[in-house]
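Contents: one structure, followed by commentary.
The values are calculated or read from the model by the stated rules, or taken from the named source; none is laboratory data. Here the structure is a predicted model, which is why all the values come from computation and not from measurement. When we count neighbours, we look across all protein chains shown, and the Cβ atoms used for this are built from the backbone with ideal geometry, even at glycine. Side chains are part of the model used for accessible areas, which takes the heavy atoms of the whole protein and leaves out ligands, DNA and RNA. Shrake-Rupley method; radii C 1.70, N 1.55, O 1.52, S 1.80 Å.
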Amino acid sequence: MSPLNDRALWAFTQVADYAFASLIALLSYVLFYESGEDTQFQLSNTRLSTYCAFQGACAVLVLWLREEIYFYVIGERVPKAKQKTLPDKTYPYIFQTYSLSMSSFFLMYRSEIIFWSPASFTLEFWSSIFAPFYLLLVLRDVFFLAPLHRLMHTKKYYHLHKLHHEATSDAQSLHAFQIDVIDLMVENVGAPFLLFGLQWALDRRVGIHWLVGVLLTFHDGGLHSINPFSVMYFNPFLDWLLEPNVTHQLHHALNKGYYLFVPWGHLISRKERLADCQKYNKVLKCSFSF
């Protein structure tokens, strides 16, 4: 198969990424559908833990399959540094991050912090998913990545972050799981509690819909993907306006700068966006048109 040109690759990615995310959502939906709304509160610990394990395994497998398909579709245009199989040492960390994440999901399900409700094509339903998703991205960037990610790149604290940066120009989707436990907590635990506190202060239901977890998983996997056109925000306008995969790949390749996951500069400067895309092509020795 000949590699797709950039316009065709962009279009294929939109269809594929929405389909992959929908697949995980559908599998999760089927698990909980039988008992109706908030069914997880009626399940035994054994059954709920099995469901959480299955959800997490599906997410990892879909991210792996997604990346393999992009290796095939992009073909020889994949940067040479990325044309490698994952090293064996990555797999234990994938299992570690998967286990910790699903254990936290189990506890949040059981504590009624993560909730399930049947899908509906209403503004209320979709806003209950996307509003927390976008807010969590903002809170994580502003209150945790801005001060702490930069700090972990200093000599004193780099040992906490070094494992994740063993992936450099060769970063691909499942490298998102290769992360030290403390690093994982610093970057991911705080923002949800800020969100829950805000919900409590506003007298709103405290918690997030399970679909928010699906979106966050795809976001973090997409940041590390070999495909620079990866869908990140599931909003065509934002995915056109911002290039978070590009900036995070540069962060790994250069091991400095680009400390936030959202490329805020792209919101106000198309010139900055273009410069980052040109740097991506230069650093990774490729030729994508953005």
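If you build the convex hull over the alpha carbons only and average its shadow over all orientations, what do you get for region 48-109? Give it in nm² to one decimal.
Numbers: hull surface 19.6 nm².
Convex hull of Cα atoms, orientation-averaged projection: 4.9 nm².
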When the charge dipole of the chain is computed with +1 on Lys and Arg Cβ and -1 on Asp and Glu Cβ about the Cα centre, the Cα farthest towards its positive end, among T97, L86, F20, belongs to L86
Tell me which lysines have Cα within less than 21 Å of K162's Cα, excluding those fewer than 8 residues away on the same chain? K82, K84, K89, K256
Taking only protein heavy atoms and a 1.4 Å probe, what accessible area per residue, in Å², does the chain have with all protein chains in place? 49
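Once every DSSP H run of n ≥ 4 in the chain is given -39500 (n - 2.57) and the sum is divided by its residues, what mean residue ellipticity at 222 nm do you get, rounded to the nearest 500 deg cm²/dmol?
It lands at -19000 deg cm²/dmol.
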Expressed in nm to one decimal, what extension gain is obtained for the pair V30 and N255 from 0.36 nm per residue of sequence separation less their Cα-Cα distance? 76.9 nm
Sorted from largest down, give the three principal axis spans of the alpha carbons of region 127-185, whole angstrom values. 40, 25, 20
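Rounding to the nearest 20 debye, state how big the charge dipole of region 166-290 is about its Cα centre with +1 on each Lys and Arg Cβ and -1 on each Asp and Glu Cβ.
Dipole magnitude for region 166-290 comes out near 440 debye.
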Quick one: putting +1 on the C-beta of Lys and Arg, -1 on the C-beta of Asp and Glu, what dipole do you get for the chain around its Cα centre, in Debye to the nearest 20? 980
Share of alpha-carbon pairs per 5 Å distance bin for region 90-179, given as whole %: 3, 11, 12, 16, 22, 17, 10, 6, 3, 1
Between Q83 and Q278, how many nm apart are label points set 7 Å from Cα along the C-beta direction? 2.7
Of the accessible area of the chain, computed with a 1.4 Å probe and all protein chains kept, carbon and sulfur make up a percent value of 66
Average projection area in nm² (convex hull over Cα atoms of region 29-167, one quarter of hull surface): 11.9
So for each of 129-139, 222-232 I average, over its residues, the number of other beta carbons within 10 Å; can you give me the resulting order with the highest mean first? 222-232, 129-139
Phi to ³J(HN,Hα) by Karplus 6.51 cos²θ - 1.76 cosθ + 1.60 over region 93-99, Hz, x for Gly, Pro: 6, 4, 5, 4, 5, 4, 5
The chain: translational diffusion in µm²/s, Stokes-Einstein, Kirkwood Rh over Cα pairs, 25 °C, 0.890 mPa s: 124
Region 79-216 - charge dipole about Cα centre, Lys and Arg +1 at Cβ, Asp and Glu -1, debye rounded to 20: 360
P(r) over all Cα-Cα pairs of region 126-267, 10 Å bins from 0 to the longest distance, whole percent per bin, short to long, reads 11, 42, 35, 11, 1
